[in-house]
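Single-structure report; data block below.
The values are calculated or read from the model by the stated rules, or taken from the named source; none is laboratory data. Model, not experiment: these values are computed from the prediction. Using ideal geometry, Cβ is built from the backbone for each residue, glycine included, and neighbour counts are taken over all protein chains shown.
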Amino acid sequence: MSFSQKKVLDRKKLFADPFLITVIAGIFLFLMLFILYPLSILLIDSVYPEGKFTFSVFAEIFAMHAFRKAITNTLFLGLITGIGATVIGFLFAYVDAYVDVGSKGVQRLFNAISILPVVSPPFVLSLSAILLFGRTGIITRGLFNMNSTGLYGLPGIALVQTLTFFPVCYLMLKGLLKNIDPSLEEAARNMGASRFHVFTTVTLPLLLPGIGNAFLITFIESVADFANPMIIGGNYDTLATSIYLQLTGAYDKSGATAMAVVLLTISMGLFIMEKYYLERKSVATLTGKASRARALMTDKSVRIPLTVFCVLVTLFVLIMYALVPLGSLFKLWGRDYSLSLKWYEYVFKNRGYRVFTDSISLSLIASPLTALLSMLISYLVVKRTFAGKGLMEFTAMLAMAVPGTVLGVGFIRGFNGGLFHTGFMQELYGTGAILVIVFIVRSLPVGTRSGIAALRQIDRSIEESAYDLGADSAKVFTTVTLPLIKESFFSGLVTTFVRSITAISAIILLVTPKYLLITVRINEHAEKGNYGVACTYATILILITYAAITLMNFLLKRFGTSKVRY
């Protein structure tokens, strides 16, 4: 059977299955309504501010010196963070794959550093940096008695973003380095090339697409980051903070919308470059032939400097994370370091537990919905042929490129106006449902990418056998496909929970006093200088996320699958 005939047959099966048709229509409705529609409203509002086509709003915001400066600041910060995180991540990955560190304890330290950014709020390192290097910090005030510090602004943001994002680069490049066939490098060494020459002519060229990919992903994350610049940025405004301040401070919805479009354009351009250019530049070096393990470097001139550097960076990051629970126990940071539970009492008094119940309940609602939706999209993209399949995959992955503040402004303009001036959709604004939807949209790309990778490993004949026995699509998906990808499903479940409960950039624009969320409270108290309270909330949040991952690993073990790894 030719490919075209198989395609026609797949389509006939699809139209004969009402369940699949309903699922496809429902998914497209969700994607159009909660991803494409808010972004489209942003674009329309920015050029139709008063019912007529004009670029006057863009002219107004670009006439603002502060906005032009924010663009320059954002791109410069992204460049510094991207280079710093990629270089440090590469050194960690190189030591892990190529150097004999001589101790399993060091390897455990590296593994610990890779999980911390996942389970902690995005601004924990900002709090730690303030506690260390702020105006009343241990180092600045305690050791050197300095009244002023250069932490607030570009140096502080670049430091915390680099330390936050380099583990992502480390995990990406670690896999690429370990997949390089050692025989390629050994052949060059056998021909008399020095180790440095082999690295520059063999190893590095193979890694360049991956390094570029890691750099761009870090650049996108830095450009979209809201929490760190908000807490530690001082007068160094970025696009994300400018949008927030324009909307909540100047009450200029049109200006905030135009600013959001500018930020969206930058992030989308970077995303398209990463997804459709660099991802296709990857180089395969695994031939399928057996090869012996790589001989790790033992040369002290290489091993000692690299290992010491990585260990020092790891210890510094771990100390910074450890400062958060310590900060929650000190009576008054910078003045009274005696231990006390006063901040925990403050957090939980007067029904303070509601902050945690609201955050946990909304995240628990979003988690299974996101996991199921991402698996359904993955199943349709990998296993089914239908018109619009490429659009479905692109739209599901689109939220990865949309900064949280942009999505928040889009939801405000879309569901507090736009096409929905009245009716059920307009009533979504200000409810818990809109927060759950934002959680789903923000986590959908991660679950979809994981599901697609898992489903591509399943032979199509397994499901076709079930169809031949008379099962319909719903039965095949629930009894055959889903059990085979249950690890990805549960991994998506816990990932969504962690991402939802630690989210800040999108929901800070949408949350109302009706719902109290942990990350919003942390941001509020950090801005006011109440670092003891902020550290207390952050410590409890980290414990919640660790508990969620521990529970999920236990469940996966009971199901007979491997552990969730971050």
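Output the residues belonging to region 103-133 that are without any contact (Cβ under 8 Å) to a residue 60 or more places away in the chain and assigned to a loop (DSSP other than H, G, I, E, B).
We begin by selecting, within region 103-133, every residue without any contact (Cβ under 8 Å) to a residue 60 or more places away in the chain; these are 103-105, 107-108, 111, 117, 133.
Residue satisfying the conditions is 103 alone.
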As an exercise: evaluate residue 127 against (1) of a type in the set (A, V, I, L, M, F, W, C); (2) surrounded by fewer than 22 Cβ atoms within 10 Å (Cβ to Cβ); (3) farther than 27 Å from residue 264 by Cα and give the number of the one condition it does not meet. (2)
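How many of the residues in region 474-515 are within 22 Å of residue 409 (Cβ to Cβ) and in a loop (DSSP other than H, G, I, E, B)?
To start, the set of residues in region 474-515 that are within 22 Å of residue 409 (Cβ to Cβ) comprises 499-500, 502-515.
Among the residues that remain, those that are also in a loop (DSSP other than H, G, I, E, B) are: 502-506, 510-515.
Summing the residues that are within 22 Å of residue 409 (Cβ to Cβ) and in a loop (DSSP other than H, G, I, E, B) in region 474-515 gives 11.
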Restrict the check to region 41-51 and report whether at least one residue is at positive phi and either outside any helix (DSSP H, G or I) or at pLDDT 95 or above (or both). yes
Residue by residue through region 311-350, note down the ones that are surrounded by 14 or more Cβ atoms within 10 Å (Cβ to Cβ) and small (Gly, Ala, Ser). 327, 328, 334, 340
Of all residues in region 483-522 being among the polar types (S, T, N, Q) and buried (at least 22 other Cβ atoms within 10 Å of the Cβ), which is modelled with the lowest pLDDT? 488
Residues (hydrophobic (A, V, I, L, M, F, W, C), in contact (Cβ under 8 Å) with a residue 60 or more places away in the chain and within 21 Å of residue 180 (Cα to Cα)) located in region 79-102: 88, 90, 91, 92, 93, 95, 97, 99, 101
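When you scan region 227-247, do you find a residue that is among the hydroxyl-bearing types (Ser, Thr, Tyr) and not in a helix (DSSP H, G or I), even just one? First the steps, then the outcome.
Initial filter on region 227-247 (among the hydroxyl-bearing types (Ser, Thr, Tyr)): 236, 238, 241-242, 244.
Next, from what is left, pick out any that are not in a helix (DSSP H, G or I): 236, 238.
Looking through region 227-247, at least one residue is among the hydroxyl-bearing types (Ser, Thr, Tyr) and not in a helix (DSSP H, G or I).
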Out of all the residues in region 174-206, which are exposed (fewer than 12 other Cβ atoms within 10 Å of the Cβ) and among the aromatic types (Phe, Trp, Tyr)? 196
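Out of curiosity, is residue 145 in the same structural domain as residue 82 (by TED's automatic domain parsing), within 30 Å of residue 124 (Cα to Cα) and at pLDDT below 80? Spell out how you get there, then give the answer.
On the way: in the same structural domain as residue 82 (by TED's automatic domain parsing): yes; within 30 Å of residue 124 (Cα to Cα): yes; at pLDDT below 80: yes.
So residue 145 passes the test.
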From the residues in region 152-202 that are among the β-branched types (Val, Ile, Thr) and within 30 Å of residue 126 (Cβ to Cβ), which one is modelled with the lowest pLDDT? 168
Do you know which of the residues in region 71-105 that are among the small types (Gly, Ala, Ser) and within 26 Å of the chain's Cα centre (by Cα) is farthest from residue 258 (Cα to Cα)? 97
Members of region 77-90 found to be hydrophobic (A, V, I, L, M, F, W, C) and buried (at least 20 other Cβ atoms within 10 Å of the Cβ), listed by number: 77, 85, 88, 90
If only one of 93, 97 is at pLDDT 85 or above and touching a Lys or Arg at 6+ places or on another chain (Cβ under 6 Å), which one is it? 93
Test: residue 462 is assigned to a helix (DSSP H, G or I), out of contact with any strand residue (DSSP E or B) (no Cβ under 7 Å at 6 or more places or on another chain), at pLDDT 75 or above and not hydroxyl-bearing (Ser, Thr, Tyr): no
Criterion first (within 20 Å of residue 95 (Cα to Cα) and touching a residue at least 24 places away in the same chain (Cβ under 8 Å)) does residue 226 satisfy it? no
Over 18 Å from residue 407 (Cα atoms) and buried (at least 21 other Cβ atoms within 10 Å of the Cβ): does that describe residue 218? yes
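Might you check whether a residue that is out of contact with any strand residue (DSSP E or B) (no Cβ under 9 Å at 6 or more places or on another chain) and under 30 Å from residue 21 (Cβ atoms) occurs anywhere in region 512-522? Outline the logic, then answer.
Filtering region 512-522 down to residues out of contact with any strand residue (DSSP E or B) (no Cβ under 9 Å at 6 or more places or on another chain) leaves 512-522.
Within this subset, residues satisfying the condition of being under 30 Å from residue 21 (Cβ atoms) are none.
Checking region 512-522: not a single residue is out of contact with any strand residue (DSSP E or B) (no Cβ under 9 Å at 6 or more places or on another chain) and under 30 Å from residue 21 (Cβ atoms).
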Testing residue 76 on (1) among the aromatic types (Phe, Trp, Tyr); (2) within 30 Å of residue 313 (Cβ to Cβ); (3) part of a loop (DSSP other than H, G, I, E, B), one condition comes back false. Which one is that? (3)
I need the full set of residues from region 41-70 which are surrounded by fewer than 12 Cβ atoms within 10 Å (Cβ to Cβ) and within 12 Å of residue 258 (Cβ to Cβ), in order please. 59, 63
Filter region 151-196 for residues that are outside any helix (DSSP H, G or I), of a type in the set (A, V, I, L, M, F, W, C) and touching a residue at least 40 places away in the same chain (Cβ under 8 Å); the one that is nearest to residue 238 (Cα to Cα) is 151
